[in-house]
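Working notes for the structure below.
The values are calculated or read from the model by the stated rules, or taken from the named source; none is laboratory data. These numbers come from a predicted model, not from an experiment. Note that each Cβ is placed from the backbone with ideal geometry, even for glycine, and that neighbours are counted across all protein chains shown.
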Amino acid sequence: MNRFVSITQARGGSGLRLACLRGVPSPWTEAAKGIFYVKGLACQYAAQSKDEPDGALTAWAGDVGIPVVAYENEKLRTGWAEILLLAERLKPEPALIPQQASERAAMFGLSHEICGEMGFGWAYRLLMIQQSLGHGSETGFPPNVANYLAPKYGFNPAHVRTAKARVLDLLRMFSERIAGRRYLLGNSLTALDIYWATFANLIMPLPEAELPAAPMIRTAYTCHDGEILGAVSDELRALQRRIYETHLELPVPL
């Protein structure tokens, strides 16, 4: 299986397929890749090729962004939770969702605080957009990328202070949660750990040899905010490293 095929090829294919952007480690996409990898699910990655017309993915899935996950002739999936549930259905073991109801509810709630609207990833994206549009002192995305992302994330300069407070609150909460533990929930790996490891690249990207992102993306993903970096405990940093070294694929296929 070719590691990456065109959107057109994926659209006409079968089995499990994931549409993404080459060279861009979108955390939502990387989380899906990580879940499929841990479960040993064969997944065909797809990205727009130079021979395809612009908008090939939009023509297939609509303006939903990435990732887009297809499985046989079932509906396309783009949400983090529905992608996880699909993977769990296709290959129940190793389980990444706890069986006990209270632990399952805790995992989905905590995962939302990383992946969901105004979770860590969403709120930090607002800060990245602010920097990119010239409202901050750091380098972010190119303006055309920032202008594309801004409406998707409901960017409003007046709301950025709220977004930063949310990022800090969540990083401190997860730092407290991992203290003295190997995993964020219980004694074994869950999807929650994969979400943290992949989303942590937004502020602490893996080395270039392990995460061969486009230079512009690596620059945008490198946080220089001391307050944000200071909210990440040594144990939470170590968790990202351990999850990648123990459970995920390195180097990351981009």
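Okay, here's what the table says:
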item: Asn187 being in a helix (DSSP H, G or I) and either of a type outside the set (A, V, I, L, M) or surrounded by 19 or more Cβ atoms within 10 Å (Cβ to Cβ) (or both); result: no
item: Filter result (within 19 Å of the chain's Cα centre (by Cα) and closer than 13 Å to Leu168 by Cβ) within the stretch 216-235; result: Cys223, Ile228, Leu229, Val232
item: Matching option when the condition is modelled with pLDDT of 90 or more, out of contact with any Cys (no Cβ under 8 Å at 6 or more places or on another chain), of a type in the set (A, V, I, L, M) and part of a loop (DSSP other than H, G, I, E, B), among Leu192, Leu206; result: Leu206
item: Qualifying residue in the stretch 7-23 (condition: under 14 Å from the mean Cα position of the chain (by Cα), under 20 Å from His112 (Cβ atoms) and either crowded, with 19+ Cβ neighbours inside 10 Å or not polar (S, T, N, Q) (or both)); result: no
item: Leu86 vs. criteria part of a helix (DSSP H, G or I), aliphatic (A, V, I, L, M) and either assigned by TED's automatic domain parsing to the domain that holds Met118 or closer than 26 Å to Leu149 by Cβ (or both); result: yes
